[in-house]
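**Q** Take this structure, written in C-alpha cells, and hold onto it; I'll ask about it next.
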Amino acid sequence: MAVKIRKSRELSSSRASTGPIVGRSPKQIAWTRFKRNKVGVVSAIISVGVIVLSLLAPIVTRIIGVDPNTLHLDVLDVTGVPTLPHAGISMAHPLGLIPGTGRDLLAQLLYGSRISFMVAILTTSLTLFIGLVLGIVGGYFRGRVDAVLGRITDFLLSFPAFFMIVALSTPMVDRIQQTGIAKGNGARIVFLVFFLSFFGWPYFSRLIRSQAMSLRERDFVTAAQAMGSSNRRIIFRELLPNLWAPVIVFVSLSLPGYLAAESVFSFLGLGIQPPASTWGILLSNATRFVTTMPQFFIIVAGSLVLVVLAFNLTGDALRDALDPRNDR
Amino acid sequence: MLTFVSRRLVYAAITLLIVSMAVYAIFAILPFDPAALTCGQHCTPLVIRANRIKLGFDKPLWEQYWMFLHGIFAGRTYGVGSAAFHCPAPAFGYSFNDNMCVTELLQQKLPITLSVAIGALILWLIVGVGLGILAARFKGRWPDTASSVFVLFGTSLPVFVTGLFLLIWVSIKWKIIPISFLGYVSVFSDPIGFVKLFILPWITLAFAFAALYTRFTRASILETLGEDYIRTARAKGLSEKKVLRIHTFRAALAPIVTLASLDFAGLIGGAILTETIFNLPGIGQWTLRSVYEFNLPVVVCTTILAAGVVIIMNLIVDMLYAVLDPRVRI
C-alpha cells in the first residue's frame, strides 16, 4: 500500500507543479479517486437527494402543492382508473393519480419512501452493529470465542433466510403484538428489522472478522500492545478507524438491498399493511392495475429501480475509491 | 478423506437436527392452538379436543417432536380404530386444509419447483459464466462495458419487477415470448408445453442470478490470470487459448460450483416470488399460501426441507471442492 501511496503522491505533485509537495492521507486519496468517477458522484447525489426528500416529505409536498391524503374519487371511472388524460398526469399531479383512491402518486411516493427507508436504515444499522461487534470480537480475541461465533455464523448461513422470514412472519408479528412492544404496522416493522438483521449480520461479521484478524498482526497494533494499551483502547483507537472502508461500502450496498427486501415482503402481503404507505404497498397496488393503468406500475417500479441503481452505483464507486489496490 | 467425509456427515446431521428442532419449537410456542386450526368453521370444542389428541398436541413438546422425528423415518398413524389414517414414511405431518399427508402434497409440488430451479440454473450458468469469461477476456473493451451494464441492471432490478414486466409486456402485450396457462406438464410428455410454461420463470430468475455470476466469474478469472503459474504457462510458450482453457478455468470456476450449488439449494426451498408471479403451484407458492392459511404442518415441513437442502448441498459442495480445486487438500 505504501508504494501505491507514494506513486499517487508523485502523480499529484507532477500535476500541481507549483508549491511544496504535500502528503495526502488515505482519506484524501480516496476522495480524489471518488470525485473522478462521474457516474459515482451523480449516483451519490441522487442517493443523498432521495433520502433528504424522503425525510422532508411533509415540507416538499407542501412546496409542490400536492397532498397525500386528498381523495379524487370524482375523476375515477367504475374500475377505479382515472378518466383524466395521461392517467391524471398534469401540473397539479406531476406523477398522476393512484387508481382506486385517486390520491396523488408523487405525494404517496414521497411519504411511502419514509417507512421503506426507515426499515432499510434501521436494518442496516442493526446488521452493522452486530456484525461489527461480533466480527471484531472474533477476529481480535480468536480462540474459543471465535470458534463459537464461527459455528453460529455457519449455522445461520445455512438457514434459507428469505424463506424463514416468510414462514415466520404471521406468527412472529402476532407474538410481538402480544408482548406489547409494538402494535399493528409497528410490530411488522420490528419483525422485518429484527429478522432481516438476524439473518444478515453473519455475512458482514465474516468480512469484519477477516479484516480484524489481519489488522491485529500489523505493527501499529503490536506497538500499542507493547505500550500496554488495554484491549478496549486497541479496538476503539487502532482497529475501528481502520475498518471504516468496509463499513462504508457495506452501508451503501446493503441499504438498497433492504429497501428492495421491504418492497418484496410488502408485495407478498407479509410486510407493512395498508393504509400505511410504502413503496412495496404501492407496487403491489400497482400490479392490480397493471393492465388498465400501466403508468402507475412503471412509475413506482421505475422509482424503486432508480433508487436501488443509484445506491448500488454509489457503493461500487466507493468500493473502487477505497480499495488500496486500485491504481487508477 | 474418509475421516473428513464422516466428520462432515456427522456435522451436517447435527446441524439438520438442530435446525429442525428450532423450527419445530418456534412453531410450537406460537400463540395459537394448532388443533383449533385444523377444522376451520366447523370447529366445536369437541372436534378440537378430538383433533388435539389425534395429532398428539396434548403431549409435552419434546414428545411431539420425537413423534415428528419418528414419523419421518417410520411413518405415522394418526388416531386409533376405524378413524385412524396413516402417512407412510417419510411423514412430515397431515394437512387438514387439503385432507392429505404433507409428503403426498410435496410429491405434487416438488417436480414444479425442480423444473423451475434446474432450468433457471442452466440458463444463468450459460449466460452468467459466458458473459463473465467474455468480460474478463476483453477487459476494458466493449464486451466488458456491455456486461457491466447487464450486471448493474440484473442486480438492481427486483425479481418481481422483472417477472411482471416479462409477463405483462413481453408476453401478453407484445407477444414476443409465448406463455402457456395450461398447468403443469412433464418435460417427457409435452416438451414444448413444458418450455412454454417455464420459460418466463427461467428468464426471470436467470436474469437476477446471471448478473451475480457474470461479476463473480470476471473477478475470479482476472484474479487467477494474475497467479504465478499462469505467468509460467505463458512463459513456456503456451497459446493464450490453452492458458485460458487448461490453466485458468479450472481454478477460476471452482468457486462458481460452490456458489451455484448453494443458490440452487435455495431455489429448491422455494422460489417464492417467481412461483407467485407466474402462478406455478410449486413449493414456494404452497408455503406462502400455507403461511396465509396458518397451515402449520406444511410450513414446518417446507421450512425444514429448505434448510435441509441447503445443509446437504453444503456438504456436497465441500466434497466437490476437494476434487475440483487441486489446491484444496483434505
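The values are calculated or read from the model by the stated rules, or taken from the named source; none is laboratory data. Here the structure is a predicted model, which is why all the values come from computation and not from measurement. Because the Cβ atoms are built from the backbone with ideal geometry, glycine has one as well, and the counts that use them run over all protein chains shown. Please note that ligands, DNA and RNA were not included when accessible areas were found on the heavy atoms of the full protein model with its side chains. Shrake-Rupley method; radii C 1.70, N 1.55, O 1.52, S 1.80 Å.
**Q** For the protein assembly as shown, list the cysteines whose Cβ sits under 4.7 Å from no other cysteine Cβ?
**A** Unpaired cysteines in the protein assembly as shown: B:CYS301.
**Q** OK, next. How large is the charge dipole for segment B:2-102, taken about the Cα centre, if only the Cβ atoms of Lys, Arg (+1) and Asp, Glu (-1) carry charge, to the nearest 20 debye?
**A** Rounded to the nearest 20 debye, it is 220 debye.
**Q** Could I ask something else about it? Straight-line reach from B:LYS241: which aspartates and glutamates have a Cα under 19 Å away, not including same-chain ones fewer than 8 places off?
**A** Hits, sequence-local ones excluded: B:ASP144, B:GLU223, B:GLU227, B:ASP228.
**Q** When averaged across all projection directions, what area in nm² does the alpha-carbon convex hull of segment A:127-188 cover?
**A** Projected area, direction-averaged: 5.5 nm².
**Q** Give me the dipole magnitude in Debye, nearest 20, for the protein assembly as shown about the Cα centre, with unit charges on the beta carbon: positive for Lys and Arg, negative for Asp and Glu.
**A** The calculated dipole for the protein assembly as shown is roughly 2520 debye.
**Q** Which semi-axes, in whole Å and largest first, does the equivalent ellipsoid of segment B:43-110 have when worked out from the alpha carbon gyration tensor as the square roots of 5 times its eigenvalues?
**A** Its equivalent ellipsoid spans semi-axes of 20, 16, 11 Å.
**Q** How many percent of Cα pairs in segment B:2-102 exceed 16 Å?
**A** 64
**Q** Under 8 Å for C-alpha pairs, at least 6 residues apart: give me the relative contact order for segment A:54-322, rounded to a whole percent.
**A** 21
**Q** Projecting each Cα onto the charge dipole of chain B (Lys/Arg +1, Asp/Glu -1 at the beta carbon, about the Cα centre), which of B:ILE179, B:SER156, B:TRP286 comes out farthest on the positive side?
**A** It is B:SER156, whose Cα lies furthest towards the positive end.
**Q** Taking amide hydrogens as modeled 1.01 Å from N in the peptide plane, which residues meet the under 5 Å criterion relative to B:TYR94, leaving out close sequence neighbours?
**A** Residues meeting the amide H criterion: B:VAL102.
**Q** Which residues make up the longest stretch of chain B that has no trypsin sites (Lys or Arg not before Pro) in a DSSP loop with at most 10 other Cβ atoms within 10 Å?
**A** Longest gap between qualifying sites, sites excluded: B:1-174.
**Q** If you project the alpha carbons of segment B:108-329 onto the principal axes, what extent comes out on each, in Å, largest first?
**A** In descending order, the Cα extents are 64, 44, 34 Å.
**Q** Pick out which of A:ARG33, A:ARG144, A:ARG216 has the largest mean-square fluctuation in a Gaussian network model of chain A, springs linking Cα atoms closer than 10 Å.
**A** A:ARG144
**Q** What number, in percent, do you get for the relative contact order of segment B:2-102 if the mean sequence gap of Cα pairs under 8 Å and at least 6 apart is divided by its residue count?
**A** Normalised by residue count, the contact order of segment B:2-102 is 17 percent.
**Q** Still on this structure: Charges on Cβ only, +1 for Lys and Arg, -1 for Asp and Glu, centred on the Cα centroid of chain B; of B:ILE26, B:PHE138, B:LEU267, which one is farthest towards the dipole's positive end?
**A** B:PHE138
**Q** Read phi for every residue in segment A:172-189 and hand back ³J(HN,Hα) as whole Hz from Karplus 6.51 cos²θ - 1.76 cosθ + 1.60, θ = phi - 60°, with x for Gly and Pro.
**A** Ordered by residue, 3J(HN,Hα) equals 5, 4, 4, 4, 4, 5, 5, 6, x, 5, 8, 10, x, 5, x, 4, 5, 5 Hz.
**Q** Projected onto the charge dipole of the protein assembly as shown (+1 at Lys/Arg Cβ, -1 at Asp/Glu Cβ, origin at the Cα centre), which of B:GLY226, A:THR179, B:ILE126 gives the Cα projection farthest towards the positive end?
**A** Going by the Cα projections, it comes out as B:GLY226.
**Q** Let me ask something else. Quantify, in whole percent, the carbon and sulfur part of the accessible surface of segment B:108-329 (1.4 Å probe; protein heavy atoms only).
**A** 69
**Q** Which whole-number percent of Cα pairs in segment B:120-202 have a distance greater than 16 Å?
**A** 64
**Q** Rounded to the nearest 20 Debye, what is the dipole magnitude of chain A about its Cα centre when Lys and Arg each give +1 and Asp and Glu each give -1 at the C-beta?
**A** So the dipole magnitude of chain A works out to roughly 1540 debye.
**Q** While we're looking at this one, here's another question. Could you give the radius of gyration (one decimal) and Dmax (whole number) of the Cα atoms in the protein assembly as shown, in Å?
**A** Using the Cα atoms of the protein assembly as shown, the pair Rg, Dmax is 27.4, 99 Å.
**Q** Taking all pairs of distinct Cα atoms, average 1/r, flip it, and tell me the Kirkwood hydrodynamic radius of segment A:54-322 in Å to one decimal place.
**A** Across segment A:54-322, the inverse of the average 1/r is 20.9 Å.
**Q** Right, next: Give me the log10 of I(q) over I(0) for segment A:204-328 at q = 0.15, 0.19, 0.21 Å⁻¹, as the Debye formula computes it from C-alpha points; what are the numbers?
**A** Log-scaled intensity ratios, in q order: -0.80, -1.01, -1.12.
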